[in-house]
Amino acid sequence: STANAPEDDAPNRYSRTDRTTYSRYSRDANSSGSSIPSNALEKRIEELERELAKERQENTRLMKMTQDKEELIGKLREEIDLLNR
């Protein structure tokens, strides 16, 4: 179950500072020719970041549930082995 741990680090590869810098760069690039106002893009980015945070929380919760169930399965197998003896 710990084999999934590196996957959890993948979304965190870039720090918030890096994302902010990238967002600023994107905003400047978009303002020169985009018809979408940067304010709308900022709001969308914030919305997506909140959604991402919720999804990460849900992922963490599901991983914990999976680990708990794997532990329970292991204990039940041990108990079955003992009963079979």
* Compute the length gained on full extension between LEU72 and GLU49: take 0.36 nm times their separation in residues and subtract their Cα-Cα distance, giving the result in nm to one decimal. => 4.8 nm
* **Accessible area in square angstrom per residue, segment 37-84, 1.4 angstrom probe** => 91 Å²
* To do: Could you sort 41-48, 74-81 so that the peptide with the highest average Cβ count within 10 Å comes first and the rest follow in order?
  => 41-48, 74-81
* Where in segment 52-69 does the amide nitrogen come within less than 18 Å of the point 7 Å from the Cα of GLU79, taken along Cα to Cβ? -> 67-69
* Once phi is turned into θ = phi - 60°, what whole-Hz ³J(HN,Hα) does the Karplus curve with 6.51, -1.76 and 1.60 give for every residue of segment 37-50, x standing for Gly and Pro? -> x, 4, 4, 5, 5, 4, 4, 5, 4, 4, 4, 5, 5, 5
* In whole Hz, what ³J(HN,Hα) sequence does segment 54-64 give by Karplus (6.51, -1.76, 1.60; θ = phi - 60°), x for Gly and Pro? -> 4, 5, 5, 4, 4, 4, 4, 4, 5, 4, 5
* Structure fact -> For segment 37-84, the Cα convex hull volume per residue in Å³ comes to 33 Å³
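The values are calculated or read from the model by the stated rules, or taken from the named source; none is laboratory data. As the structure is a computational prediction, the values presented were derived from the model and not from experiment. Every residue, glycine as well, gets a Cβ built from its backbone with ideal geometry; the counts of neighbours run over all protein chains shown. What goes into the accessible areas is simple: the full protein's heavy atoms, side chains included, and nothing from ligands, DNA or RNA. Shrake-Rupley method; radii C 1.70, N 1.55, O 1.52, S 1.80 Å.
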